[in-house]
Amino acid sequence: VTKVTDGYDIKHLFIGGEGTLGIVTRVVLQLLPKAEPTCSALCACPGAAEAVALFRRVMGRNDFELLGAEVMFATYARITAGLIGLDSLVATPDAQAFVLLDGRVRGTSGGEEEIFHEALGGAFEAGEVLDAVIAQSEGERADFWRLREDWSLETAYPNGLWYDVSVPLAHLQAYLDGLESRVKAIDASFIVSCFGHLGDGNMHFTISNGSPQSADTAKAVSHAVYQGLREMGGALSAEHGIGMSKRAGLAAYISPVKLAAMGAVKQALDPKNIMNPGKVVTL
């Protein structure tokens, strides 16, 4: 990888640009061996704050390499588990968050099982974890990931409104509490289902009561989801880009200074507006 310090690193402008600034004609990749986890656990936590504390505890260990940290909140986890026959994994009654941890011990500092147990033991003592299931086989680990990746929720609650946002971990509990309240105020029959990636605060939501929603209701729900994100340092799109569907949200909920800077870059690199016109930001 070549370092660039002779001014702006122009290629990074293309990240998130969705082809609106130009065409990529050549890509150089650096490939690394895939790191395989040897320890996996599904931890039941009292809430989002404790799930974040657990993640930071395990992430901060020198003797353990955390390879994956996914969080599933109670509504999503319990509905999905019931639909795919994995209810026993989410049976802890007071748990509001379930954290899937994948990792491996670094070097040869000791037995993997002992180190993993030690990492989780401290979380139990601190009240971050109420219960945990440690995978004893690849099949059990696969069940953890089935719970995380299965989309059966869509069959039970169709016509969902889907969102992909990033939330700073320090604000995650407050954001989720506020979102639940705002959505229920729109329609008490809505369920808010959420899972996400603890490593970067990327949260995925589906909000549904099973019925199709009017444009006005969808707009109100979007406002409830995006409200406060900018102020706390989050973003209304984390993984899946802006395209056309989120352009209105981009204009309404991101910093006007950032939006103006994006428009200036677009004008400078694509003054004729011929690169993927109509997406992300327009002239």
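The values are calculated or read from the model by the stated rules, or taken from the named source; none is laboratory data. Bear in mind that the values here come from a model prediction, so they are computed numbers and not experimental data. Note that we place each Cβ from the backbone using ideal geometry, even for glycine, and neighbour counts take in every protein chain shown. We work out accessible area using only protein heavy atoms, side chains counted, and drop any ligands, DNA or RNA first. Shrake-Rupley method; radii C 1.70, N 1.55, O 1.52, S 1.80 Å.
Stretching the chain fully between THR38 and ARG106 yields a gain of 23.4 nm (0.36 nm per residue, less the alpha carbon separation).
Please report the relative contact order for region 169-283, taking Cα pairs under 8 Å with a sequence separation of at least 6, and give it as a percent rounded to a whole number. Contact order relative to length: 18 percent.
At 222 nm, what value in deg cm²/dmol follows for the chain if DSSP H runs of at least 4 each add -39500 (n - 2.57) and the sum is divided by all its residues, to the nearest 500?
Result for the chain: -11000 deg cm²/dmol, rounded to the nearest 500.
Between ASN273 and GLU239, the simple spin-label model (points 7 angstrom out along Cα→Cβ) gives 3.3 nm. Shown for the chain: the carbon plus sulfur share of the solvent-accessible area, taken with all protein chains present and a 1.4 angstrom probe, equals 55%.
Computed from Cα atoms, the angle from the helix 74-84 axis to the main principal axis of the chain rounds to 70 degrees.
Evaluating kT/(6 pi eta Rh) at 10 °C and 1.306 mPa s, with the Kirkwood radius of the chain over Cα pairs in the Stokes-Einstein relation, gives 75 µm² s⁻¹.
Note on TYR175: accessible area approximately 10 square angstrom, rounded to 10, probe 1.4 Å, nucleic acids and ligands left out.
Against the main long axis of the alpha-carbon atoms of the chain, helix 112-125 sits at an angle near 80°.
Think of the chain as a dipole: +1 on every Lys or Arg Cβ, -1 on every Asp or Glu Cβ, centred on the Cα centre; then among GLN96, GLY196, TYR76, GLY196 lies furthest on the positive end. In sequence order, region 170-176 has phi-based couplings of 5, 10, 4, 4, 5, 5, 5 Hz under the Karplus curve 6.51 cos²θ - 1.76 cosθ + 1.60, θ = phi - 60°, and Gly or Pro positions carry x. Using the 1.4 Å probe convention, the accessible area of the chain works out to 53 Å² per residue with neighbouring protein chains retained. Between PHE64 and ARG106, the built amide H atoms are under 5 Å apart, and every one of these is 5 or more places off in sequence or on another chain. Select from GLY278, SER181, TYR253 the residue farthest towards the positive end of the dipole of the chain; place +1 on Cβ of Lys and Arg, -1 on Cβ of Asp and Glu, and compute about the Cα centre. So the residue we want is GLY278. Relative to the longest principal axis of the Cα atoms of the chain, the long axis of helix 138-149 lies at roughly 40 degrees. Dividing the mean sequence gap of close Cα pairs (under 8 Å, 6+ apart) by how many residues the chain holds gives a relative contact order of 23 percent.
Dipole magnitude for region 54-206: computed about the Cα centre from +1 point charges on Lys and Arg Cβ and -1 point charges on Asp and Glu Cβ, it is near 400 debye.
Taking trypsin sites (Lys or Arg not before Pro) across region 46-151, the ones in a DSSP loop with at most 12 further Cβ atoms lying within 10 angstrom of their Cβ are ARG106.
Given LYS3/LYS272; LYS219/LYS279; LYS11/LYS266; LYS11/LYS258, which pairs have Cα atoms separated by over 21 Å? With Cα atoms farther than 21 Å apart: LYS3/LYS272.
Across region 189-200, coupling constants 3J(HN,Hα) worked out from phi with the 6.51/-1.76/1.60 Karplus curve, θ = phi - 60°, read 7, 5, 10, 10, 10, 9, 9, x, 9, 5, x, 10 Hz, and Gly and Pro carry x. Simple point charges give the picture: +1 on the Cβ of Lys and Arg, -1 on the Cβ of Asp and Glu, and for the chain a dipole about the Cα centre of about 1540 debye. Assuming 0.36 nm per residue, please report the length gained on full extension of the stretch ALA260 to ALA174 beyond their Cα-Cα distance. 28.0 nm is the gain from fully extending ALA260 to ALA174.
Amide H contacts for GLY199 (H built 1.01 Å from N in the peptide plane; partners 5 or more residues away or on another chain; cut-off under 5 Å): ALA69.
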